Amino acid sequence: MTPEELGMHHEGEASGGTALRRWTIRQLADEFGVTLRTIRYYEEQGLLTPAREGNRRVYNQRDRTRLQLALRGRRIGLSVSEAREIIDMYELSGERPQLETLGARVKDLEADISGRLADLRNVLTELEHVGKLVSEALAELDAAEAREAGR
């Protein structure tokens, strides 16, 4: 998918707008609610390639979009390397391979989450059963104590 299709343009900038907007590392961290270390890590992993102005990192629209896509990928369960691979695919080979890879990974994640959800439902059922047994045992103890007190 293109960044425009995903709604990845900066506020106040048209989808086909220029890529002249620039951000500091602090601005991106604040905007996306991540630490500076997270952004530096994504740089180390090859996701972001900021320009330098002296010691200062300066990010362009491409970096911002890649960060946004990477964070979205992490939220759905992709590793950083998987997110980078999918994002890079668009730039290297176009939309179809990117979408096919992402679609396959999403199906894998859905299957994994469905399995974990079934396991959690089973655990919840067991906990409800144990809770019922505990309540019944406490009620029996209360009744026995009441009978004992009435003697």
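Points to keep in mind about this one:
- Model label points for Asn55 and Ser81, set 7 angstrom from Cα along the Cα-to-Cβ axis, are 3.3 nm apart.
- Each peptide in 59-72, 118-131 receives the mean, over its residues, of other Cβ atoms within 10 Å, and ordering these scores from highest gives 59-72, 118-131.
- Structural descriptor for region 23-93: relative contact order 27 percent, calculated from alpha carbon pairs under 8 angstrom and at least 6 residues apart.
- Equivalent ellipsoid semi-axes, region 109-151, via Cα gyration tensor eigenvalues times 5, rooted, Å: 41, 4, 4
- Modelled this way, with points 7 Å down the Cα-to-C-beta line, the labels at Asp119 and Glu44 are 2.9 nm from one another.
- Rounded to two decimals, the Cα radius of gyration of region 34-151 over 2.2 N^0.38 Å is 1.97.
- Sequentially through region 130-147, phi angles give Karplus couplings (6.51, -1.76, 1.60; θ = phi - 60°) of 5, x, 5, 4, 5, 4, 5, 5, 5, 5, 5, 5, 4, 5, 5, 5, 5, 5 Hz, Gly and Pro residues having no value and appearing as x.
- A simple rule links phi to the HN-Hα coupling: the Karplus curve 6.51 cos²θ - 1.76 cosθ + 1.60 with θ = phi - 60°, which for region 26-43 gives 5, 4, 5, 4, 5, 4, 9, x, 10, 7, 4, 4, 4, 5, 4, 4, 5, 5 Hz, with x for Gly and Pro.
- Taking amide H as placed 1.01 Å from N in the peptide plane, Arg57 has its amide H under 5 Å from the amide H of Ile25, each at least 5 places away in sequence or on another chain.
- Our coupling estimate for region 61-74, obtained by passing each phi through the Karplus curve with A = 6.51, B = -1.76, C = 1.60 and θ = phi - 60°, is 4, 4, 4, 4, 5, 5, 5, 4, 5, 5, 5, 5, x, 4 Hz, Gly and Pro reported as x.
Each reported figure results from applying straightforward, stated rules to the coordinates on display, with no laboratory input. Predicted model only: the values in this text are computed from it and were never measured. Note that we place each Cβ from the backbone using ideal geometry, even for glycine, and neighbour counts take in every protein chain shown.
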